[in-house]
Amino acid sequence: MVHDPDSCEDGGELLPPGHRVGAWTVIGPIGEGGWATVYAARRAEDAAAGTDGAGGRVGTDGPDGADDADGTVGSDDADGTVALKVLPTAGLAPRQARQVAEAARREAELARSAPHPRLVRLLDTLTLAAPDHPALDGSIVLVMERARCTLRDLLATGVDEEQGARIIAGICEGLAHLHRSGWVHTDLKPENVLIGRDGEVRLSDFGLAIELVGTHGHSAPMGTPDYLPPERWKEPLGERGVKIRATADIWALGIVIHEVFAAGVPPFPGATPTARSAAAQQYAEGRAALRLAPDVPPFWRTLAADCLAPTHAARAAHTAESLLARIRAHRSGRRFRRARPRPRTALLALATCATAAVTAAALWPDPGPPPQSARIRVFNAERGCQQRTDRDPVCSLGLAVDPLRPYTADNVVPTRVWHDDTLDADCQLPTGLPIIDEEDRTSTLWYRVRLPGPATAWLPAVRTRDRPALQLCP
């Protein structure tokens, strides 16, 4: 719902300057979204004395359930101002009012259970009781730390590569924490990335955030079209909504990376969000190539392309944590790719361990050379896919061309595999690129598997429950 200020009392503004909201006095509006209006506010002079203002309470418990030592709620910004996010409920249908209340509950729950420096701080929540002001009565107010600007504002003035690198690293830190804590943001975009007065990144607006149960959660089919992954447009709508996974945030991150380094230009062409969404779906279906702006520096082009892998399965390898590791390595000048050990290095290691090897040989009998091949069964962590026998493409898994390259669409062979398929493996590589599956199992071990004809491909060990000790691949 977009608030119409012309329909309100008090001189055409929902909250005019000077209006008292709990312990806070409104300064003026600073932003407006689909369900909420945000105002700058300052703590009222008499708040410390415990007197109340137009609804709400003074000295209420903060998100962590504990009063501050001075009896006030949280600590506001250095200049004494905070942001009031006001979600009106007056005039809404019961279902809409429940949606607003649920969005506020999610923001408060996430702030309570998963605080982090890269997430905007929630200082207090209150419900206004203002029977003399029907437009205010029943509104939910979230009191938050105030930022300097949004990333969208910053893009309008221009961002250099170093500044962009700091911003994307900060976003990845926030996403990595969210995903580790079992949450998916689901609405990552420049408007929801705040730049604090200290210049640091804060992720915000968790009204659509979803708490995961296992590998995924469910949500009503909502979000910002430009940042929705292609699979969301075809995801079946069940009783609990559509399936949401952490890879949805990774797709949105790819869009944001491109916008940061391409002066706000989105990666998919089109004059409207609908047209750009259609272009993204054409790309995901293989009917169009991914064409990123030439202004995007090479490292960030590769990172954005990995985030924009066309399917959930191809995107799952690129977690926020692994992307953050690559960014940090790039910024420090280190190589992130795991290289094969050189023969000379391997010989030196063998020579160093010669004495230990002789001792071990005396204690344990030689098991003989490892087997030349083994049969391994494919495992898909998605429980829904484990039950299917129709070989639906949605449940297929990709085999890599090169285990030392990012596990992206251009590094996957045409042959697909499904849960419970059996493959012939002839060797193993313990030092491939780390892969994380939907159950957060991580491994750098890869198996080389034989395909029909002379072709071979690579299966990450997280895609099988079998772990044969094969000979090392040459």
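Read-outs: derived from the displayed coordinates by stated rules, not from any lab. As the structure is a prediction and not an experimental result, all values here were calculated from the model. FYI the Cβ positions are ideal-geometry reconstructions off the backbone, even for glycines, and counts take in every protein chain you see.
Residues whose amide H falls under 5 Å from that of ASP124, counting only those 5 or more places apart or on a different chain, are VAL143, with hydrogens built in the peptide plane.
Sorted on the mean count of surrounding Cβ atoms within 10 Å across their residues, most packed first, peptides 132-139, 314-321 read 314-321, 132-139.
Mind listing which trypsin sites (Lys or Arg not before Pro) in the range 109-175 are in a DSSP loop and have 15 or fewer other Cβ atoms within 10 Å? For trypsin sites (Lys or Arg not before Pro) across the range 109-175 that sit outside H, G, I, E and B with at most 15 neighbouring Cβ atoms in 10 Å, the list reads ARG148. Evaluating 6.51 cos²θ - 1.76 cosθ + 1.60 at θ = phi - 60° for every residue in the range 264-271, the Karplus couplings come out as x, 7, x, x, 10, x, x, 7 Hz, glycine and proline recorded as x.
Compute the FRET efficiency between LEU472 and SER332 as 1/(1 + (r/R0)^6), taking r as their Cβ-Cβ distance and R0 = 25 Å, and round to the nearest 0.05.
About 0.25, to the nearest 0.05.
Close amide H pairs (under 5 Å, H built 1.01 Å from N) link THR456 with LEU451, residues at least 5 positions away or on another chain. Towards the positive end of the charge dipole of the range 150-332, with charges on Cβ (+1 Lys, Arg; -1 Asp, Glu), say which of VAL213, TRP300, GLY199 has the farthest Cα. Of the listed residues, the answer is VAL213. Among the trypsin sites (Lys or Arg not before Pro) found in the range 395-474, those both in a DSSP coil and sparsely packed, with 14 or fewer other Cβ atoms within 10 Å of their Cβ, are ARG441, ARG465.
If I stretch the segment between ARG95 and ASP132 completely, what's the gain in nm (0.36 nm per residue apart, minus their alpha carbon distance), one decimal? Intermediate values should be presented prior to the final figure.
Numbers: separation 37, 0.36 × 37 = 13.32 nm, distance 2.45 nm.
Contour length minus the Cα-Cα distance gives 10.9 nm.
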